[in-house]
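Step one of this worksheet: look at the structure below.
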């Protein structure tokens, strides 16, 4: 079971819980326009912003979501670019 918090107007996920269900008043405190729903889904392996709630019973891919690269990825890109520059010299 997956409990999600989402913006009612857009379906954008703002949080999820795989085991701490309930206590909705605390989870929605100072979050007007958001709601919580419990879904029959496993915990996704991506950030909540990568999905949207379809308004019924499922998550769909957020095509506007841009994943931010990790520092490790950025370091790898720098290393590869540096290696390419060395080859051109």
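Laboratory data are not the source of any read-out in this text; all were calculated from the coordinates shown. Just so we're clear, the structure is a prediction, and the values are computed from it rather than from any experiment. Glycine also receives a Cβ, built like all others from the backbone with ideal geometry; neighbour counts cover every protein chain displayed.
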Per DSSP H run of n ≥ 4, the term is -39500 (n - 2.57); total these for the chain, divide by its residue number, and report the mean residue ellipticity at 222 nm rounded to 500 deg cm²/dmol.
-> -7500 deg cm²/dmol
Residue among 77, 37, 56 with the largest mean-square fluctuation in a Gaussian network model of the chain, springs linking Cα atoms under 10 Å = 77
Between residue 26 and residue 46, what is the FRET efficiency for a Förster distance of 35 Å, r being their Cβ-Cβ separation, to the nearest 0.05?
-> 0.90
Pick from 20, 31, 79: which residue has the top mean-square fluctuation in a GNM of the chain where Cα pairs under 10 Å get a spring?
-> 79
How far is helix 71-88 tilted, in degrees, relative to the longest principal axis of the Cα atoms in the chain, given as a value from 0 to 90 rounded to the nearest 10?
-> 20
Mean-square fluctuation maximum in Gaussian network of the chain, Cα pairs under 10 Å, restricted to 52, 41, 13, hits 41
